[in-house]
Every structure is written in C-alpha cells, then in structure tokens.
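Reading through the structure tokens given below for one structure.
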Amino acid sequence: MKLEPWAAPLQRTMQLPGDKSITHRAMLFSVLAQGPMVVRGWLDAQDTRSSLNVARALGVSVTQTANGDLVLHGPGAAAMREPDEVLDCGNSGTTMRLTAGLLSGLHGIAVLSGDSSLRRRPMARVAEPLRAIGVTVLTRRDGQAPLIVQGGPHSGGAVRLPIASAQVKSALLLAGLSADRPVQVAEPVRTRDHTERMLRAMGADLTVEGTTVTIHPGSVRGMEVQVPGDPSSAAFWAAAAALMPGSRLHLAGVLLNPSRIGFYRVLERMGVQITMRIARQEPEPVGDLIIEGGALRGVRVAGAEVPDLVDEIPLVALLAARAEGESLITGAGELRVKESDRIHATVDGLSRMGARIAELPDGFQIEGVPSLSGAEVDAYDDHRIAMMLTVASAIATGPTWLHGSESVAISYPEFFQQMHSAQRGAG
Ligand code: S3P
C-alpha cells in the first residue's frame, strides 16, 4: 500500500470501534452464562470473529438484532458442547488463552489451534498454571499450540504467575468457576481487569486484594454489555495528533479503565496536552479524550507501568523517534512474543524511515530526530505494526510503501477508510 504524508493537522471528532478485550470476553463468557448475553457496540473484526466462532462451537446460539447488537444464548457451564472439530483461534492469543481456561469445565476434550503466528506464541504460560490447579492441558513439546484441554473435575487452589498477563489471569479465573475450591491468582504486577469486572457483574463471587484475585466456584448469569471505544485503537489517532502541531482531536466514548490508558499518561509526560472527561465509571470507566499536538520531549517507560500500555509501546517508540532528546523503554520483553516480535518489527520499520532507534533485549533506546522520511517498510503481518507505520508515514517526507497492510483487519477493519476521511477532512 502506498501511503502519502498528510497535508494538514487532525482537527476532528472520532468514534472508535468497540474495545477488543471486552468484546472477546463478552463472547467467550456467554458460553458459561445462564440467560442471554446482549452485546452492544461490539468490535466486528477478525480476532473477535475467532472468539465468536469458538463460542458457537461450544454451544452458543448467536443472533443479531436490527440495530446490530449481538444476542448470545449460551448452553451454560454444565451443558458446554464438546466441539466436533479443532477450535480455530485464528491470530488471536486472547481467544486461545481464555478458551483454554473456559474449557476446564467441559465434559470432554477440545483441541485449540490457530494461524502460524499464533502457533509460534508461548502457551506453556497458560498450560502450566492450569495444570497446577488440576486441569489436564497438553501442548506441543515446545509449549506451543495446538493445545488439548481435557475438562472435568479440578482442584483449584493458589497460583503465583511469573509473567504479567491478563490473558493467563483470565484463563485461571474462568477455570475457578468450575473448580472444587476457590482459585487464587497472584500477578507480579496488575494487568487489565476486564475479566474481574465482567465476571463480577455476571454474579461471580470474586474479590481483589492488591495484585491477588480470588474467585469462588459458582454459576454466572448473562448481562447486557455496552462495549466502549477501544483505547488501543484510539491510540493511533492520538499519536497522529500528538505528532502534528496544530492538531486538536476529540476521541468520543473511549474506555478509560486505568489499566488501559498508560499510553495517554506517557503522552502527557512527553508534553502533549490531554483533557480527559469521564462520563461513567461502572462497570467500566468511559469518557472522552481531547488531544492537542505540540512539541514532544523524550520519555522513560519501564517496569510496572508496561502492562497498562503493552499494545501501544510501538507507538511510544514512534513518538520518541520524533521527540526532543533521548528516550528509554525497558521491561517490555513481552513485545517479542506478540503477533510479531514487536521490538524487532518496530526497529526495522522506524530505522528504515530514518529514526535513530536501537533494539534492547526488552525495549528500545531512541534519540529523537527532526523528521522521518518515507521508505519501504514491513508490518510483519502484525496489525499494530501496520497501523503504527501508517501513522509514521503521515508525518514523513515523501511516500511510504507498506507491506502487510491487510493485517489491520485483525483489530480495526475500518482503519484505512477512517484515515482517508480524516485526511480529506484535514485537507
Ligand atoms: C489482552 C492482554 C494482553 C494484550 C492483548 C489483549 C487481553 O496480552 O497484549 O492484546 O485482552 O487480556 P497478555 O495477556 O499476553 O499480556
């Protein structure tokens, strides 16, 4: 795809697609629910379609109302259907890891697989703690998918996770609903808490103390889920606005859960003017963000804040590439095991465009430069890299050729269409 630099700053109000993490959860949790799960404003993208298909294969009936809401009637935990075929999780780590936990209560076996990227990603991190609470889970020898889960009685108990992963935490909490005794999950640092919020709203007996979550076995009921705009998708526009002085971008109806907005806190530290207006708090904080572009300064990102912006770190690298001074991002080794090795993919793309960026084992060292130049770059079939490089191309001198642009369909199918209309509006 040939991408041209943008002619003028971003001055508009934008609506975002539904949050991916919350959409996945609403779809998958409907399997266990008694009574319907009604999902409004859901993200319709390849990743969430993977979760919807898995939910169907486990016995959920899916209908859609005239205004697009999903109505999901699950079989309930006790009547979960043993799937006839391999459950195809596509490119989605969230689908695979959450489903591994969900299947703990199945009377029977299920096989989980996905595309070549997903089959390279680490699954021992979810298989091992599930085994520790008595679930039978098999992986390939290297800890990768396909996975086999044999559901049935499992003991439950306490687990301490060595890696900060909301997906793994969620799998254990789902397994806790069908365990013999409570499941207690201790995380090294807090990660996104959508599973805790949604399961509690569905009636689960769940408590949180610091970084430890305890869930008691029991049933859950269906609920209405209003899916807010995705702050990770909003981040591409926020970054574009931050990079273009004179921009004023209004992002409406965005999920503002503190465990998801680390990127916006980092933007503020870099000198970007951000106004946050929270409209409601429960069951998830939602509101508007107004972002004004200006001069950027270098930043440090490390440690416990990383999970709050884990999917946005390639964008921080882009901002840092154009900021005044040096930036250092560490403690982000998890980026190497996402849909691509995002540390390598980011360094490759941005350095081709003239950034001064060095790869660290767990992050980046970046020296800001006054401008980036168009180049031929590769998204490594990774939706977030494709969108980050597109934003980079918007502020570059000269055109950029992007390989792998079609990967945006994983999380944001309307991305390029919205970009073209934003450019026309700006231009
Ligand atoms: C997600 C958790 C994060 C994140 C992913 C979505 C979730 O993954 O990167 O995009 O919905 O729970 P990890 O659990 O691997 O950190």
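The values are calculated or read from the model by the stated rules, or taken from the named source; none is laboratory data. Computed from a predicted structure; not experimentally measured. Cβ placement follows ideal geometry from the backbone for every residue including glycine, while neighbour counts extend to all protein chains displayed.
Assorted remarks:
- Output for the range 113-168, where each listed residue is away from the ligand (no atom under 13 Å from the Cβ) and of a type in the set (D, E, K, R): ASP115, ARG119, ARG120, GLU128, ARG131, ARG140, ARG141, ASP142, ARG160
- Residue list for the range 235-281, restricted to those being among the polar types (S, T, N, Q) and either under 18 Å from the mean Cα position of the chain (by Cα) or under 26 Å from TRP42 (Cα atoms) (or both): ASN257, SER259, THR275, GLN281
- Residue match in the range 72-90 (condition: part of a helix (DSSP H, G or I), modelled with pLDDT under 95, out of contact with any Cys (no Cβ under 8 Å at 6 or more places or on another chain) and over 15 Å from VAL54 (Cα atoms)): yes
- Scanning the range 271-285 for residues that are out of contact with any His (no Cβ under 9 Å at 6 or more places or on another chain) and either surrounded by 21 or more Cβ atoms within 10 Å (Cβ to Cβ) or of a type in the set (Asp, Glu) (or both) yields a total of 2.
- Selection count where residues are within 14 Å of SER232 (Cα to Cα) and in contact with a strand residue (DSSP E or B) (Cβ under 7 Å, 6 or more places away or on another chain), scope the range 372-394: 1
- When the strands (runs of 3 or more DSSP E) confined to the range 132-176 are screened for residues that are modelled with pLDDT of 95 or more, more than 23 Å from VAL337 (Cα to Cα) and out of contact with any helix residue (DSSP H, G or I) (no Cβ under 6 Å at 6 or more places or on another chain), those reaching at least 2 such residues are found at 157-160.
- Residue satisfying condition, being more than 16 Å from the ligand (Cβ to nearest atom), closer than 30 Å to MET353 by Cβ and in contact with a strand residue (DSSP E or B) (Cβ under 7 Å, 6 or more places away or on another chain), within set PRO9, PRO5: PRO5
- Selection count, the range 368-427, where residues are in a loop (DSSP other than H, G, I, E, B) and either farther than 21 Å from GLY246 by Cα or of a type in the set (Asp, Glu) (or both): 12
- Residue check for GLN226: more than 19 Å from the chain's Cα centre (by Cα) and at pLDDT 95 or above: no
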